[in-house]
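**Student:** Sending over a structure as structure tokens; questions will come in a sec.
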Amino acid sequence: MEKIGVFICTSCDIEKRLDIAELENIARTQGATAVYSKEFLCSKEGKTFIEEKIKENGLSAVSICACSQRVNYDVFNFDKVAVDRVSLREGIVWSRFFVSEGGEILEDSSEYVSGVSFKDELMALAKDYVRMSIAKLQTYKFPEPFKPEEEISKTILVIGGGVAGLTAAIESAKAGYEVILVEKEKELGGFVAKMKAHCEINSPYKNIVSPIINELISQVEANEKIKIYKGAVVSNIEGGPGIFQVKIKLDGKEEQIKVGVVILAAGFKPYDASKLSHLGYGLVKNVVTNVEFEKMAKEGNLTRPSDSKPIKSILFIQCAGQRDENHLPYCSSYCCLASLKQAKYIRENDSESKAFIIYDHMRTMGIYENFYKSLQDDPGIFLTKGKVVEVSQGENDKVKVVVEETLFGEKLEINVDLVVLAIGMVPVTAEEAVLNLEYRQGPALPELEIFYGYADSNFICFPYETRRTGIYAAGAIHQPMTIQQAIEDAKGAALKAIQCLVAIEEGRAVHPRTWDFAYPEFDLKMCTQCKRCTEECPFGALNEDEKAYPIPFITRCRRCGTCFGACPQRIINFKDYSIEMISNMIKATEMPEQGYGLYRLMAFVCENDALPSLDIAAYHRKSLPVTIRIIPVRCLGSVNVAFVKDAMSKGYDGILLLGCKYGENYQCHFIKGSELANTRMTNVAETLQQLALEPERVTLHTTAIDEIEEVVKKVQEFDKEIRGFEENPFKGW
Amino acid sequence: MVKEIIKMEPDLQAIKEIQAIGADTLKKCYQCATCSTVCPLSPDEAPFPRKQMILAQWGFKERLINDPAIWLCHQCGDCSKYCPRQANPGEVLAALRLSVIRELMPFKFLNTFYNNLWGFPILFLISLFFILLAAIGTFGGIPNFFNAESFPYGGPSYEIWFLHLPARILMIDVVFIPLTVFVIIILLSAINRIWNFYLDTYKIPQAYRYKVWSILKVYLIPAIAEILNHTRFEKCEANKWRALPHKVLLWAFIILAFTTAIVFVMADILGFHTPWHPLLHPVKWLGNIGGLMLLYGIISIALGRSRAEVEKSVRTSYPDSLLIYLILFIGLTGFGIEIFRSIPSIKNATSLIYLIHLALVFILFLGVAYSKFTHLVFRTTAIVFDLYFKDITQKMS
């Protein structure tokens, strides 16, 4: 950027603690075309002022030296002008204080170390920040929307024609999108079509109704925007959002279609009951699964399988092969409702009949507590917590069930005509890839094992996102759920799919950096085919050619910069984020000479959770060491080892990386960023040791957005640890 | 303790019966045990009413009969107030008590009459039948029920052995002495049964199964002291107001029973016949004090209940109302006789009021075995057992 304007806000304590004129001078020295200071830049007058000055000076970039980038981003937004934000308020005046050992805050003019007042240090920090911002803008290139070479498709592919798939198809079509619906079986309807009835999906959630599926099927079949493939499977998907090429296998022939986005709603299979012989299945007469019983009920056949005598008593064993490490370790969430519903079938069929439900915990999700309550009121339904210890053949073809640890405090023996095992759901993705992606990282969604095979992800705030951009899971393949939840889920997934299509059309990132038009660009001339980028990309955005060069699919990319951080050749760069940029920023800072008495620390802080937590700390006026400089990064995954090298050779005594928590319950917005950064920093530490430097000089800490006290403490402790070391010997080189 | 396997065959009919006599909310319980936690009376070693709730939900009648806990409950309503499901454990236990009474007493149809509004006219006719039969027999034909001088103050007098009995006294004796004997016999037999059930349920070793006399001597006296003081009842929180009127009512019954006994001995046996002067005779004083206490107690209970119903800590079922109104009208008609007969211009109305009073007292006496009133006997038994059980557990350990 050629013409850079610097605007310094004097409000919110900035003028009180900083010397504005000195900052203006520094900005000019660093090469700013125009420098202004004014109170309340975020006000209407402030914004008009900036706009006027942009026009007057023909500025192509502005550095707003005021508050954090996390606030007022809507105000400091100017057409076709690059904006960088210098956080003087949260980053300096609200977060750096001279705190005495006794805990009181001293005057800024007090001497901090011999010959240096705290104000001097505060100004040194502010000046570094202004210099860094100008250096950044000097290297900045204006991002342009990404447009794939081929035409974008806005068709939505829905895999699975059950309640979730049908709903997703209807909702997408209603929003005006073309839909292709692929169903593996010969008929639409999935599981719900095989049911006699289900719990009502509207208030008061107390009754059972005939399956709603026929209504959904007729809506789908009548909709001109929905093209249906029955008895078909998706055999291959390649490309990326907006440009997916999908092969559909139908009657032995393959048909290729182009779609923009995929909704995965392939559903579940019931757990294999043959593994439940300890509950009598397959060994004792008149023991069936809830799926089998549903079929019997639908056929109007409420009789004992062994002798076709009417069922006068029935017993449901909840959690059969569920919440059990030897079978399904999780709760399938629908089974308590299903058993209550099936008990109702029996009770409605014969008012003298009895239905027993032996549960571990009754779990009727959400408002379906109403259904549970209404069934509880039936005098013929008997519920107890308990552990079934024996299922055996009783007299007259009855099944004898022995239950321990009951609410009666005693062991019970119950003899019934039929035992129903409430078996759980197994997502289709647990057994097959379903999607059959032509991706370098494999045909299925990654990390399914964490979610027991469900096409779920650990995105706490983004429930529909999978780790494959443009592919959204809905229904019982996503999580175990009820029909009502599946309908909700499908609507959400359809909405996410549409958002994705819009983002792709506009040429910006899909998620979570939805404002971001920049994307990684690869200078393959220097590529050494090391495959780090293609292996480490958390979203599988990169394929490889036969020579192991990366083939980027930008519409799959989420702009985390993990590839950029991984690349040892530094050939991957964004227009607004590059190795050169960060290097220039580091170089622009002022490093005191050896023996100055104070150290300098550099922190690379993740914008997603760590930076907000520091901002919140500033709102609470928590004090950070004045010696630490912060460079916000899009993800710790985007911290290239070159940054560390540059900072060390500049003379920084310690380098801190602050990012999201990783591991099993990771909170990283880009899944692997902080974890990969940690691995990379371990390698850096080895290098430091070879140079006879303390490996602790480069430290990575993780934090959650709400861990305000902890994050401040971690930074302070890091500062204290570094002060225990000698000065960085590279200082002043 | 070795736990045996219980064969479950829930009794659907039993559940419906319990639901019909005030436990309609029974099935709403989901066994969270908030009730047992908040209950001020529930002992730690055998807490109630959580377990009684599921026993009742499954129609486990035998278990409930054998369980003294349902009688230890004084229906304070703490449980009902805190129940997160509005299962009203307090009311359920009240219904269970009624169902146990029904289970233990012979002639179940009588119980049915007491538990249903439609049964009341039948009970009234039954009592009237016996009283009229006795009146016709003792008065030598149908007396004039619109003339106080004919009934009750007319009719012949009888000299039997050394006894001197006017018709009105003999009429009372021939009805109420057999009734009292009948009620006492069936109650004693029920107490015997229930006591043995308790012994078996709690598996009391033979060595600790004391003789009746020593049980009465050692445990009945403290039990009665406790009952007279209402020590358990006063622990209740949600409906603290109930303890005092109930205590007053209990003392009123004791006083009235005492005066009745004096009158029986003095008049029926020794021949000092009534009417005694209402203002000068000390027995009359005592009787009037008892009557006033009865009215105070029962009216406070009725008013308190309607207040408590608003805040949902108590619900009143028909058997509750029956007992309240029965006692109320016995009190009112009792005073009515006293007032009417002392005012000459309306004295003749005394006959009908007296007749109604006697009929109501008949229903109450029979009700000692068939209505909510039976708690008098079974709660006492359960408290005695509770004291006995605590004592021997201490001795055994």
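Every read-out reported here was derived from the displayed coordinates using simple, explicitly stated rules and does not represent laboratory data. Not measured: the values here are computed from a predicted model. Counting neighbours? That spans all protein chains shown, and the Cβs are built from the backbone with ideal geometry, glycine included.
**Student:** With everything on Cα atoms, drop me the angle between helix A:708-723 and the longest principal axis of chain A, reported from 0 to 90° to the nearest 10.
**Tutor:** Around 50 degrees separate the two axes.
**Student:** What spacing in nm lies between the two simple spin-label points modelled at A:N678 and A:E187, each 7 Å away from Cα in the Cβ direction?
**Tutor:** Placing both labels 7 Å along Cα→Cβ, they lie 5.2 nm apart.
**Student:** Taking the Cα centre as origin and putting +1 on Lys and Arg beta-carbons and -1 on Asp and Glu beta-carbons, what dipole magnitude results for the protein assembly as shown, to the nearest 20 debye? Walk me through the intermediate numbers first.
**Tutor:** Values: 123 positive and 130 negative charges, 660 e Å.
It works out to roughly 3180 debye.
**Student:** Here's another thing I want to ask about it. Just from its helices, what would the mean residue ellipticity at 222 nm be for the protein assembly as shown, if runs of 4 or more DSSP H residues each count -39500 (n - 2.57) and the sum is divided by every residue, rounded to the nearest 500 deg cm²/dmol?
**Tutor:** Details: 34 runs with 450 residues, N = 1130.
Estimated from H runs of four or more residues: -12500 deg cm²/dmol.
**Student:** To make sure I understand the rule: partners must be lysines, Cα under 16 Å from the Cα of A:K411, and not fewer than 8 residues away in the same chain. Which ones qualify?
**Tutor:** Straight-distance partners of A:K411: A:K385, A:K387, A:K400, B:K3, B:K7, B:K51.
**Student:** Rounded to whole Hz and in sequence order, give me ³J(HN,Hα) for the stretch B:122-129 from the Karplus expression 6.51 cos²θ - 1.76 cosθ + 1.60, θ = phi - 60°, writing x for Gly and Pro.
**Tutor:** Result, rounded to whole Hz: 5, 4, 4, 5, 4, 5, 4, 4.
**Student:** Binning at 10 Å from 0, report for chain B what percent of all alpha-carbon pair distances ends up in each bin.
**Tutor:** 4, 20, 30, 24, 14, 7, 1, 0
**Student:** Show the residues, 5+ positions off or on another chain, whose built amide H is closer than 5 Å to the amide H of A:Q393.
**Tutor:** Result for A:Q393 returns A:K400.
**Student:** If you don't mind, there's one more thing I want to ask. How far is the Cα center of the stretch A:435-494 from the Cα center of the stretch B:151-214, in Å?
**Tutor:** 78 Å
**Student:** In nm, what is the difference between 0.36 nm times the number of residues separating B:V181 and B:Y158 and their Cα-Cα distance?
**Tutor:** That pair, B:V181 and B:Y158, stretches by 6.0 nm at full extension.
**Student:** Now, a different point. First measure r as the distance between the Cβ atoms of A:A21 and B:T231, then evaluate 1/(1 + (r/R0)^6) with R0 = 56 Å and state the FRET efficiency to the nearest 0.05.
**Tutor:** On the way: r = 86 Å, r/R0 = 1.53.
According to the calculation, E is roughly 0.05.
**Student:** Dividing the convex hull volume of the Cα atoms of the stretch B:12-82 by its residue count, what figure in Å³ per residue is obtained? Working shown, then result.
**Tutor:** Details: hull volume 6.3 nm³, N = 71.
Convex hull of Cα atoms, per residue: 89 Å³.
**Student:** Also, I was wondering about something else. What average count of beta carbons from other chains do you get within 10 Å of the Cβ of residues in B:366-377?
**Tutor:** 0
**Student:** Suppose R0 equals 35 Å; then what is the FRET efficiency for B:L188 and A:K285 from their Cβ-Cβ distance, rounded to the nearest 0.05? Kindly include the intermediate steps, with their values, before the conclusion.
**Tutor:** Details: r = 52 Å, r/R0 = 1.48.
It comes to 0.10.
**Student:** Still on this structure, I have one more. Based on alpha-carbon centroids, what's the gap between the stretch A:658-733 and the stretch A:123-158 in Å, whole number please?
**Tutor:** 26 Å
**Student:** A further question on this structure: For the stretch B:19-130, what number results from the quotient of the Cα radius of gyration and 2.2 N^0.38 Å? Walk me through the numbers before you get to the answer.
**Tutor:** On the way: Rg = 15.5 Å, N = 112, 2.2 N^0.38 = 13.2 Å.
Relative to the rule-of-thumb radius for its length, the stretch B:19-130 sits at 1.17.
**Student:** Next question. What list do you get for B:F151, A:F522 if you sort them by fewest beta carbons within 10 Å? If you can, show how the numbers build up before the last one.
**Tutor:** Working: B:F151 24, A:F522 19.
Ranking B:F151, A:F522 by Cβ neighbours within 10 Å, fewest first, gives A:F522, B:F151.
**Student:** Another question about this same structure. Check each of the GluC sites (Glu not before Pro) in the stretch B:215-281 and keep only those in coil by DSSP with at most 16 other C-beta atoms within 10 angstrom; list them in order. Numbers along the way, then the final one.
**Tutor:** On the way: sites: B:E226, B:E234, B:E237; in loops: B:E237.
In loop regions of the stretch B:215-281 (DSSP not H, G, I, E or B), the sparsely surrounded GluC sites (Glu not before Pro) are B:E237.
**Student:** A follow-up question, please. If you place +1 on the Cβ of every Lys and Arg, -1 on the Cβ of every Asp and Glu, and leave all else neutral, what size is the dipole of the stretch A:123-233 about its Cα centre, to the nearest 20 Debye?
**Tutor:** Values: 15 positive and 14 negative charges, 95 e Å.
Dipole of the stretch A:123-233, to the nearest 20 debye: 460 debye.
**Student:** Between the stretch B:1-64 and the stretch A:309-326, what is the separation of their alpha carbon centroids in Å?
**Tutor:** 24 Å
**Student:** Then there is this: Can you work out ³J(HN,Hα) from phi for every residue in the stretch B:58-75, in order, using Karplus 6.51 cos²θ - 1.76 cosθ + 1.60 and θ = phi - 60°, giving whole Hz and x for Gly and Pro?
**Tutor:** So the J values, rounded to whole Hz, are 8, x, 8, 4, 4, 5, 6, 5, 7, 10, x, 4, 4, 8, 6, 5, 9, 6.
**Student:** Using only C-alpha atoms and all pairs of different ones, pull out the Kirkwood radius for chain A in Å with one decimal. Intermediate values should be presented prior to the final figure.
**Tutor:** Details: mean 1/r = 0.0341 Å⁻¹.
After inverting the pairwise mean of 1/r, the radius is 29.3 Å.
**Student:** Kindly write out, for the stretch A:392-402 in residue order, the coupling ³J(HN,Hα) from the Karplus curve 6.51 cos²θ - 1.76 cosθ + 1.60 (θ = phi - 60°), rounded to whole Hz, with x marking Gly and Pro.
**Tutor:** My calculation for the stretch A:392-402 gives 9, 6, x, 6, 6, 6, 6, 9, 9, 10, 10 Hz in order.
**Student:** Still on this structure: Show me A:444-457, B:333-346 ranked by packing, highest mean number of other Cβ atoms within 10 Å first.
**Tutor:** Working: A:444-457: 19.3, B:333-346: 15.7.
Top of the packing list down: A:444-457, B:333-346.
**Student:** Can I ask one more? How long is the gain from B:I269 to B:A257 if the chain were fully straight, where each residue apart is worth 0.36 nm and the alpha carbon distance is subtracted?
**Tutor:** The B:I269-B:A257 span can extend by a further 2.7 nm.
**Student:** Please work through chain B and write down the cysteines that have no neighbouring cysteine Cβ at a distance under 4.7 Å.
**Tutor:** Within chain B, the cysteines lacking a partner Cβ under 4.7 Å are B:C29, B:C32, B:C39, B:C73, B:C83.
**Student:** In degrees between 0 and 90, to the nearest 10, how far off the longest principal axis of chain B does helix B:243-263 point, with axes built from Cα atoms?
**Tutor:** For B:243-263 against chain B, the angle is about 40 degrees.
**Student:** OK, next. Going 7 Å from the Cα of A:Y73 toward and past its Cβ, which residues in the stretch A:88-119 have a backbone nitrogen under 17 Å from where you end up?
**Tutor:** A:88, A:90-91
**Student:** Assign unit charges at the C-beta atoms only (+1 for Lys and Arg, -1 for Asp and Glu), then state the dipole size of the stretch B:91-209 relative to its Cα centre in Debye, rounded to the nearest 20. Kindly include the intermediate steps, with their values, before the conclusion.
**Tutor:** Details: 7 positive and 6 negative charges, 101 e Å.
Dipole magnitude for the stretch B:91-209 comes out near 480 debye.
**Student:** Let me ask something additional. Counting other Cβ atoms within 10 Å, keep those with at most 16, restrict to DSSP loop, and tell me which chymotrypsin sites (Phe, Trp or Tyr not before Pro) in the stretch A:547-578 are left. Please list the in-between numbers first.
**Tutor:** Numbers: sites: A:F553, A:F564, A:F574, A:Y577; in loops: A:F553.
Nothing satisfies the criteria.
**Student:** Run the quick spin-label model on B:E45 and A:M365: label points 7 Å from Cα toward the beta carbon, then report their separation in nm to one decimal.
**Tutor:** Placing both labels 7 Å beyond Cα along the Cβ direction yields 4.7 nm.
**Student:** For the stretch A:521-570, what value does the Rg/Rh ratio take when both radii are computed over Cα atoms and Rh is the Kirkwood radius, given to two decimals?
**Tutor:** Values: Rg = 9.7 Å, Rh = 10.8 Å.
Rg/Rh for the stretch A:521-570 comes to 0.90.
**Student:** What order do you get for B:M396, A:M581 when you list them from fewest to most C-beta neighbours inside 10 Å?
**Tutor:** B:M396, A:M581
**Student:** Okay, next question. Within 10 Å of each Cβ of A:408-415, how many other protein chain Cβ atoms are there on average?
**Tutor:** 5
**Student:** Less than 13 Å apart at the alpha-carbon level, and either on another chain or at least 8 residues along: which aspartates and glutamates does that give for A:K119?
**Tutor:** Answer for A:K119, where 13 Å is the Cα cut-off: A:E15, A:D19, A:E22, A:E107, A:D108, A:E111, listed by chain and number.
**Student:** Let me ask you something else. Would you list A:S353, A:S218 from fewest to most Cβ contacts within 10 Å? Mind showing how you got there, number by number?
**Tutor:** Values: A:S353 21, A:S218 11.
The most exposed by this proxy come first: A:S218, A:S353.
**Student:** In nanometres, what is the gap between the two model label sites at B:H281 and A:L495, each 7 Å from Cα along Cα-to-Cβ?
**Tutor:** 8.7 nm
**Student:** Using the structure shown, list the pairs from A:K194/A:K227; A:K16/A:K136; A:K127/A:K650; A:K373/B:K27; B:K16/B:K108 with a Cα-Cα distance above 19 Å, or answer none. Provide the component values of the computation, followed by the final result.
**Tutor:** Values: A:K194/A:K227 23 Å; A:K16/A:K136 27 Å; A:K127/A:K650 17 Å; A:K373/B:K27 9 Å; B:K16/B:K108 17 Å.
In this structure, A:K194/A:K227; A:K16/A:K136 lie more than 19 Å apart at Cα.
**Student:** Angle, helix B:282-310 long axis vs. longest principal axis of chain B, Cα atoms, 0 to 90°, nearest 10?
**Tutor:** Result, in degrees: 40.
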